[in-house]
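Structure first, commentary second.
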Amino acid sequence: MAEPRAVSVVIPAYNEEEGIASVVAGVAALGPWGEIVVVDDGSTDRTAERAEQSGARVIRHPYNKGNGAAVKTGIREAKGEVVLFMDADGQHDPQDAARVAAAVGVHDMAIGARSAGDQALVRAAGNALFTALASWLTGRPIPDLTSGFRAAKRERLLDVVHLLPNGFSYPTTSCLAFLKAGLNVTFVPITARRRVGTSKIRVMRDGVRFLLIILKIVTLYSPLKVFFPISAASLLLGIAYGIWNVVRYDKIPMGAALLIQLGVVVFLFGLISEQIASSQDRK
């Protein structure tokens, strides 16, 4: 169990002057944290000033780099053994902070899992789809893939920091990287509140990024999880198409042969990728 004094609370923020002061004050009132760090990601408003006035240590980016870049700065600059991440928009209840942080010890990462009712309908549907895909690819039930409310051992985060994107997909990447690396991940139920200000996430743009990140991380650690279904589908389709043409026209079409060849080639690429991934794990 992580002691509060060993925890660095990291809050990435970009143009969150409306809510940052209350977020910092709410967290500070709950316990003797090791430190509260606000990473100001090139804000053009008074985010940094209000965070400092509330007692946070502020690290400023000279220009906007992205939420993930702010998180990576927070990981590198944190002094605690455990890093607790919270959003600056007020969605995360500070009352849940101690429970999320306390779960780190036996577990390498603890993720605050929201219920579907705490999210907008379109976003909840998209998250459910990505969560189902990620759960299948990792072989582990994932209640909430995109929650930014999480705590993890700093030394473990440093191992995967190079994988984190600079945009809004760091929660997805870190969760999948920890799971596929065989680390201990747990999910702590939380209640999300209505955010202060306007969300900077765009459903279509960031949805495509989430999907690509899921495939990227799973391919990095378990390539056959991605390659084998594609190979099997191509191979079976080619065989079925070939048999149908033989029965009906007494010949095998070029399309069927190409599908079968594609299935074999994709499988071989997956096998080679799996061997490369396994050799990296042994280093």
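The values are calculated or read from the model by the stated rules, or taken from the named source; none is laboratory data. Every value quoted in this text rests on a predicted model; they were computed, and no experiment measured them. Here the Cβ positions follow ideal geometry from the backbone for every residue, glycine too, while neighbour counts run over all protein chains shown. SASA here: full protein model, heavy atoms, side chains in, ligands and nucleic acids out. Shrake-Rupley method; radii C 1.70, N 1.55, O 1.52, S 1.80 Å.
When A102, A113, A98, A70 are checked against the criterion of being open to solvent by 10 Å² or more (accessible area, probe 1.4 Å), within 17 Å of the chain's Cα centre (by Cα) and under 28 Å from T131 (Cα atoms), A113 stands alone in meeting it.
Criterion first (assigned to a loop (DSSP other than H, G, I, E, B) and at pLDDT 95 or above) does K72 satisfy it? Considered against the rule, which asks whether it is assigned to a loop (DSSP other than H, G, I, E, B) and at pLDDT 95 or above, K72 comes out as no.
How many residues are open to solvent by 100 Å² or more (accessible area, probe 1.4 Å) and among the β-branched types (V, I, T) when one looks only at the range 244-271?
Looking only at that region, the number is 2.
The set of residues from the range 143-184 being closer than 15 Å to H107 by Cβ, among the polar types (S, T, N, Q) and open to solvent by 10 Å² or more (accessible area, probe 1.4 Å) comprises just one member, N184.
Yes/no matrix, rows are residues, columns are (1) open to solvent by less than 50 Å² (accessible area, probe 1.4 Å); (2) in contact (Cβ under 8 Å) with a residue 12 or more places away in the chain; (3) in a loop (DSSP other than H, G, I, E, B):
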| position | (1), (2), (3) |
| --- | --- |
| R5 | no, yes, no |
| S8 | yes, yes, no |
| E16 | yes, yes, yes |
| V23 | yes, yes, no |
| W33 | yes, yes, yes |
| I36 | yes, yes, no |
| V39 | yes, yes, no |
| G42 | yes, yes, yes |
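Kindly indicate whether I11 is of a type outside the set (D, E, K, R) and under 19 Å from I190 (Cα atoms). Spelling it out, I11 is indeed of a type outside the set (D, E, K, R) and under 19 Å from I190 (Cα atoms).
Of the numbered criteria (1) in contact with a helix residue (DSSP H, G or I) (Cβ under 6 Å, 6 or more places away or on another chain); (2) open to solvent by 70 Å² or more (accessible area, probe 1.4 Å); (3) among the aromatic types (F, W, Y), the one Y63 fails is (1).
L164: over 28 Å from N64 (Cβ atoms) and either at pLDDT below 95 or among the small types (G, A, S) (or both), yes or no?
Criteria not met by L164.
Go through the residues of the range 87-100 one by one and say whether even a single one is under 21 Å from L158 (Cα atoms), aliphatic (A, V, I, L, M) and assigned to a loop (DSSP other than H, G, I, E, B). No. Only residues that are open to solvent by less than 80 Å² (accessible area, probe 1.4 Å) and either among the basic types (K, R) or modelled with pLDDT of 85 or more (or both) were counted in the range 185-219, giving 7.
The set of residues in the range 220-255 being modelled with pLDDT under 95, part of a helix (DSSP H, G or I) and in contact with a Phe, Trp or Tyr (Cβ under 8 Å, 6 or more places away or on another chain) consists of F227, F228, G255. Every condition in (1) closer than 29 Å to G139 by Cα; (2) buried (at least 17 other Cβ atoms within 10 Å of the Cβ) is met by A233 except one, and the failing one is (2).
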